[in-house]
Amino acid sequence: MGKNITILGAGAWGTAFGQVAADAGNDVMMWAIEPEIVEGIRDHHHNAVRLPSVERLPESITATGDRKEAVEGADIIIVSIAAQFARVALEEFKGLIGSDAVVVSLMKGIERSTGKRMDEVVREALDLPANRFAAISGPNLSKEVAARQPAAAVVACEDIDAARMVADACTNDYFKLFVSTDVIGVEMCGSLKNVVALAVGMARGAGYGENTAAMIETRGLAELTALGTAAGARSKTFAGLAGVGDLIATCGSPLSRNYTFGANLGKGLSVEEATKASNGVAEGVPTTGAVVALGKQLGVSTPLADAMSHVLNDGITCDQMLSELFEDTVGEE
Ligand SMILES: NC(=O)C1=CN([C@@H]2O[C@H](COP(=O)(O)OP(=O)(O)OC[C@H]3O[C@@H](n4cnc5c(N)ncnc54)[C@H](OP(=O)(O)O)[C@@H]3O)[C@@H](O)[C@H]2O)C=CC1
Ligand SMILES: O=C(CO)COP(=O)(O)O
């Protein structure tokens, strides 16, 4: 039997995932702040602001702007809000969420002001135990999933039964969820690959080809694996869908906002101009500084994040960014 699933945040991914959940046989309630988005989804089954490519969302999706109505009776509550605003948005839901509901994050970012992952932010904001929090991450460009192209992701929860419950509820004939207990790994993969995508996009925008892209992706994977394992993640996770899988998708597609943001920088746009041109949140931008700080805290060297932070804060060029990826002396791989 289908479940009651609530999605907080009707952005591109929240809306596409709402369709995934509806196609899996669930009743879906979307919550959004903007009345225009609520009315569009509720009355016309269309999100013209964030996901116009889907002409008509399934009939089993509706929407509200009322927080209590949004989460009342929900078995699963899925959070898909821009990471830097997740804490402040979720604090408004504290006390409204049922005591058995599992809360799932789709977000891929690190909170800049605290350096915390989204599992930490969501659990703190909602006062949620670990067995009721799950993270979903994988190669999931929203427009492709919204077009019902085959895709997969990982759902991680410390309680594997809760992860299985979410996977069972949200798997359908084109979207498959694998389970894991490595919440830290899945969170680190999703957040850190965005920084790598900025760098790859920048190199592509500057005119470089496959070798340069592969070099950045591979060094980026080494960096995010080192940082992730130092934070407590399992290294195996980085070789899976949430790690290598998402790196391939995000670093290889102009559908990625992070890749596109980087490409615009590589073409010569300023950070301000690239921000204006971005079609949705590029989480790698605020996350870059958080990764640099996390590296210092954990004693892990983060040359790629350091170089990208020099791009974002000091305006260094693509060639300078690339040269900063390597030390002056010969290193071991
Ligand atoms: N798009 C994709 O392909 C994928 C995205 N993700 C991740 O999912 C998360 C959401 O991405 P996506 O939906 O694409 O992003 P969008 O930019 O399309 O939407 C961002 C969402 O955050 C909401 N938001 C922003 N500020 C606030 C606030 N102060 N209070 C409440 N809500 C707020 C927006 O609401 P409003 O519309 O009202 O401004 C909107 O719903 C990100 O962390 C992203 O990395 C993960 C996998 C795939
Ligand atoms: O995470 C994504 C694909 O898995 C989407 O990437 P962007 O946020 O860069 O669009």
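In terms of distances greater than 19 angstrom between alpha carbons, the cross-link table entries Lys108/Lys193; Lys276/Lys296; Lys193/Lys236 yield Lys276/Lys296. Per-residue Karplus couplings for segment 245-260, computed as 6.51 cos²θ - 1.76 cosθ + 1.60 with θ equal to phi - 60°, are listed in order as x, 6, 4, 4, 5, 6, 7, x, 9, x, 6, 6, 5, 5, 4, 5 Hz, Gly and Pro entered as x.
The chain gives an Rg/Rh value of 0.96, both radii derived from C-alpha positions and Rh following Kirkwood. Compactness of segment 192-324, taken as the C-alpha radius of gyration over 2.2 N^0.38 Å, stands at 0.96.
What shape does segment 4-181 take by its C-alpha gyration tensor, where a ≥ b ≥ c are the square roots of the eigenvalues and a/c under 1.5 counts as rounded, a/b above b/c as prolate, and the rest as oblate? Here segment 4-181 falls in the rounded category.
Each residue, Asp328 and Lys143, gets one label point 7 Å from its Cα in the Cβ direction; the gap between the two is 4.5 nm. Across segment 271-286, rounded Karplus estimates of 3J(HN,Hα) from the backbone phi angles (6.51 cos²θ - 1.76 cosθ + 1.60, θ = phi - 60°) give 4, 5, 5, 5, 5, 4, 7, 6, 9, x, 6, 9, 4, x, 5, x Hz, Gly and Pro being marked x. A simple charge model with +1 on the Cβ of Lys and Arg, -1 on the Cβ of Asp and Glu and nothing else charged puts the dipole of the chain at about 200 debye relative to its Cα centre. Annotation for Glu59 and Ala130: the two label points, set 7 Å from Cα along the Cα-Cβ direction, are 4.4 nm apart. Each part reduced to its alpha carbon centroid, segment 179-220 and segment 258-333 end up 11 Å apart. Rounded to the nearest 0.05, the FRET efficiency derived from the C-beta distance between Lys236 and Arg42 at R0 = 41 Å is 0.45. Gain on full extension, evaluated as 0.36 nm per residue between Ala152 and Glu272 minus their Cα-Cα distance, stands at 39.8 nm. Rounded to the nearest 10 degrees, the angle from helix 303-314 to the longest Cα principal axis of the chain is 90 degrees. The HN-Hα couplings worked out from phi for segment 38-44 by the Karplus form 6.51 cos²θ - 1.76 cosθ + 1.60 (θ = phi - 60°) are 4, 4, x, 6, 5, 9, 10 Hz, whole numbers, x standing for Gly and Pro. Ordered from highest to lowest accessible area with the whole protein assembly present and a 1.4 Å probe, Trp31, Trp13 read as Trp13, Trp31.
The values are calculated or read from the model by the stated rules, or taken from the named source; none is laboratory data. Small disclaimer: the values here were computed from a predicted structure and weren't measured. Cβ sites come from the backbone with ideal geometry, for glycine too, and all protein chains shown count toward neighbours. Heads up: the accessible areas ignore ligands, DNA and RNA and are worked out on the full protein's heavy atoms, side chains in. Shrake-Rupley method; radii C 1.70, N 1.55, O 1.52, S 1.80 Å.
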